[in-house]
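The values are calculated or read from the model by the stated rules, or taken from the named source; none is laboratory data. Note that the structure is a prediction, hence the values are computed from the model and not measured. Reconstructed Cβ throughout: ideal geometry from the backbone, glycine too, with neighbour counts over all protein chains shown.
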Amino acid sequence: MTLADLIPAPATARSTADIFVLDESTVIDAAPGTERTARWLRATLGAATGLPLAPAASGADRPAIRLRIAPIAPADLGDVPEAHRLHIDAEAVTLTGTDAAGVFWAAQTLRQLLGPEAFRRAPLDPGRRWTVPGAVIEDAPRFGWRGMMLDVARHFRPKDDILRQLDLLAAHKLNVFHFHLTDDQGWRIEIERYPKLTEIASWRPRTKWGHRASPLWEDRPHGGFYTQDDIREIVAYARERHIRVVPEVDIPGHSQAAIAAYPELGNTDVVDTSALGVWDTWGINPNVLAPTEAVLRFYEGVLEEVLDLFPADTSPYVHIGGDECPKDQWKQSPAAQARIKELGLGGEDELQSWFIRHFDGWLTARGRRLIGWDEILEGGLAPGAAVSSWRGYAGGIAAARAGHDVVMCPEQQVYLDHRQDGGEDEPVPIGYVRTLEDVYRFEPVPPQLTAEEARHVLGTQANVWTEVMETRSRVDYQVFPRLVAFAEVAWSSLPPAAERDFAGFERRMTAHRARLDALGVDYRPPSGPHPWQRRPGVLGRPIEGAPPNV
């Protein structure tokens, strides 16, 4: 592999005539603070190459991969978090980062330079001579938040799939995993004080097959959940890869699964909540939480366990949803109307804001930050809240102008459940056509923002909603290769969207597909889906220009 094949594109890269040979004598010389990268190199590159990559002995003069934390020249990279420098000559590969994460991202670049075989779990040729081309590479990310949201509520993904997904994020220098754990169709996290959330709310008797308008059903139970030890393992695995995990527990909408388990959470004066089950279809659900003190205490109890499972060093943000909360039940509920009057609120929108403000204060008091979908702007935004702007750019613009931090994830650009092509062979086509080039030309910072307002854009995130993704392979197909383009947008300082060199990116994708093949990713080929990737006869919603709302 050459420097010209790297993804994401580095800030600067210069080739030299040197070649470093990786062999049985190569050691890892890890300075204090770089131990996680040393472990990753030994486990990952060691497995792919079959080499021991032993720790360097004191005073030994052997070919080495050196890991260091130090300022980076030039000065504009010197103080940037996650910045790094690779210096490769005949004697050593030196990976220097401004922090431990920077060293780790430098190791991801080194893996790419070793070729696609370095992405396998065992050596193809035990006698192979492993070489790295001489180079000096300096790089730093454009954004500190480079994320992907995975919905495991609609279709559960086993723990091993989550660990694999974290590896795929790390390989693309993405550093945030937004873990969508609860919704109408399932509750996926064990809460010890509320056992019915996993006994009842974690499974449904059947599932809509395709878009909600489809006549087809998968007539078998679907479900699953992560034990608390599973969550601890996922968080520890992410921490080793310098990935932050943002858990999401939906409040006050998208809550039918929780209400099915604990009917008192719902608006019992207008709905027989005891008759509700976990929802088996898609769309916006009318069953929302009741605005009572008992509901607040219930979710405080949930979040107390969530905070214990997701420590602040890995999960400074907690996502509480806040989206798609129909107000019809509150309008009809005498108890909700009495609550609005008691609190002196201006209506149902402010009642939703009351929910959000309560948990904003509750999380802030515990050293965390609340983040929610852009509907939390309705009725007034909680003082410390950050916003995930999904309904286009408008929510993010409004939040940034009001001084709130924003993660840009507009559905029109980076919802990867949307179809990749207009052809009839696309499996369960949903929503907009968003090609690889469309994602590559996505610009996270709205031009309407001033430079000061733009500083509130923490970064960007691609979202993966799984209503029509029932297997790991379906997730792979929808996510890749578009997540590769997104990763470059999130990391690299690219020209304005219209000026970006998509032809050059496509050329680099030729090399990158070999890496994805080695990783076992079931991505969409450039020529269209393989026969086994299609879903003939399963209805989607291929309406260009209309939101999918599945």
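Here's a check for you: in the stretch 13-25, which residue that is buried (at least 16 other Cβ atoms within 10 Å of the Cβ) and out of contact with any Leu (no Cβ under 6 Å at 6 or more places or on another chain) is farthest from residue 137 (Cα to Cα)?
Taking the stretch 13-25 and keeping what is buried (at least 16 other Cβ atoms within 10 Å of the Cβ), we get 13, 20, 22.
When the remaining residues are screened for being out of contact with any Leu (no Cβ under 6 Å at 6 or more places or on another chain), the result is 20, 22.
Working: 20: 15, 22: 19 Å.
For the stretch 13-25, the residue satisfying everything is 22.
Would you mind stating whether residue 517 is under 28 Å from residue 279 (Cβ atoms), in a helix (DSSP H, G or I) and either touching a residue at least 24 places away in the same chain (Cβ under 8 Å) or under 24 Å from the mean Cα position of the chain (by Cα) (or both)? Break it down stepwise before answering.
Values: under 28 Å from residue 279 (Cβ atoms): no; in a helix (DSSP H, G or I): yes; either touching a residue at least 24 places away in the same chain (Cβ under 8 Å) or under 24 Å from the mean Cα position of the chain (by Cα) (or both): yes.
No; evaluated as a whole, the condition is false for this residue.
Need the failing condition index for residue 106 against (1) outside any strand (DSSP E or B); (2) more than 26 Å from residue 66 (Cβ to Cβ), just the number.
Here residue 106 meets the rest and fails (2).
Return yes when residue 107 is surrounded by fewer than 23 Cβ atoms within 10 Å (Cβ to Cβ), at pLDDT 95 or above, assigned by TED's automatic domain parsing to the domain that holds residue 27 and not charged (D, E, K, R) and no when it is not. Spell out the reasoning first.
On the way: surrounded by fewer than 23 Cβ atoms within 10 Å (Cβ to Cβ): no; at pLDDT 95 or above: yes; assigned by TED's automatic domain parsing to the domain that holds residue 27: yes; not charged (D, E, K, R): yes.
Judged against the criteria, residue 107 is not a match.
For the stretch 284-326, which positions are assigned to a loop (DSSP other than H, G, I, E, B), over 22 Å from the mean Cα position of the chain (by Cα) and surrounded by fewer than 17 Cβ atoms within 10 Å (Cβ to Cβ)?
To start, the set of residues in the stretch 284-326 that are assigned to a loop (DSSP other than H, G, I, E, B) comprises 284-288, 290-292, 310-316, 322-326.
Next, only the ones that are over 22 Å from the mean Cα position of the chain (by Cα) stay: 284-288, 290-292, 325-326.
If the condition is that a residue be assigned to a loop (DSSP other than H, G, I, E, B), over 22 Å from the mean Cα position of the chain (by Cα) and surrounded by fewer than 17 Cβ atoms within 10 Å (Cβ to Cβ), then 284, 286, 292, 326 are the ones that fit.
For residues that are outside any loop (DSSP other than H, G, I, E, B), of a type outside the set (A, V, I, L, M, F, W, C) and in contact (Cβ under 8 Å) with a residue 12 or more places away in the chain, tally how many sit in the stretch 435-466. Reasoning before the result, please.
Step one: of the stretch 435-466, the residues outside any loop (DSSP other than H, G, I, E, B) are 436-440, 451-454, 457-464.
From what is left, the residues that are of a type outside the set (A, V, I, L, M, F, W, C) are 437-438, 440, 452-453, 459-461, 463.
Okay, now just the ones that are also in contact (Cβ under 8 Å) with a residue 12 or more places away in the chain, so 437-438, 440, 453, 459-461, 463.
So the count comes out to 8.
Answer yes if at least one residue in the stretch 400-416 is at pLDDT 95 or above, at negative phi, part of a strand (DSSP E or B) and surrounded by fewer than 22 Cβ atoms within 10 Å (Cβ to Cβ), and no otherwise.
No, because not a single residue in the stretch 400-416 is at pLDDT 95 or above, at negative phi, part of a strand (DSSP E or B) and surrounded by fewer than 22 Cβ atoms within 10 Å (Cβ to Cβ).
Which condition from (1) buried (at least 19 other Cβ atoms within 10 Å of the Cβ); (2) of a type in the set (Asp, Glu); (3) in contact with a helix residue (DSSP H, G or I) (Cβ under 6 Å, 6 or more places away or on another chain) is the one that residue 426 breaks?
Here residue 426 meets the rest and fails (3).
If you check every pair at least six apart or on different chains, which have Cβ atoms under 9 Å apart with a residue in the stretch 212-228 that is within 14 Å of residue 468 (Cα to Cα) first and a residue that is part of a strand (DSSP E or B) and aromatic (Phe, Trp, Tyr) second?
What qualifies is 222/203.
Residue 363 - would you say it is in a helix (DSSP H, G or I), at pLDDT 95 or above and closer than 20 Å to residue 305 by Cβ? It would help to see each step written out before you state the result.
Details: in a helix (DSSP H, G or I): yes; at pLDDT 95 or above: yes; closer than 20 Å to residue 305 by Cβ: yes.
So residue 363 passes the test.
Out of the residues in the stretch 385-399 that are over 13 Å from residue 453 (Cα atoms) and hydrophobic (A, V, I, L, M, F, W, C), state the one that is surrounded by the most Cβ atoms within 10 Å (Cβ to Cβ).
387
Which of the residues belonging to the stretch 497-508 are under 23 Å from the mean Cα position of the chain (by Cα) and surrounded by fewer than 19 Cβ atoms within 10 Å (Cβ to Cβ)? Step through it out loud before you land on a result.
Let us first name the residues in the stretch 497-508 that are under 23 Å from the mean Cα position of the chain (by Cα), namely 497, 505.
Answer for the stretch 497-508, where residues must be under 23 Å from the mean Cα position of the chain (by Cα) and surrounded by fewer than 19 Cβ atoms within 10 Å (Cβ to Cβ): just 497.
I'd like the full set of residues that are of a type in the set (D, E, K, R), within 17 Å of the chain's Cα centre (by Cα) and part of a helix (DSSP H, G or I), limited to the stretch 137-196.
159, 160, 161, 164, 167 - these are the residues of the stretch 137-196 that are of a type in the set (D, E, K, R), within 17 Å of the chain's Cα centre (by Cα) and part of a helix (DSSP H, G or I).
Going by what's in this entry, would residue 494 be described as crowded, with 18+ Cβ neighbours inside 10 Å, out of contact with any Phe, Trp or Tyr (no Cβ under 6 Å at 6 or more places or on another chain) and of a type outside the set (Val, Ile, Thr)? Give the derivation first.
Details: crowded, with 18+ Cβ neighbours inside 10 Å: yes; out of contact with any Phe, Trp or Tyr (no Cβ under 6 Å at 6 or more places or on another chain): yes; of a type outside the set (Val, Ile, Thr): yes.
Taking the combined requirement at face value, the residue satisfies it.
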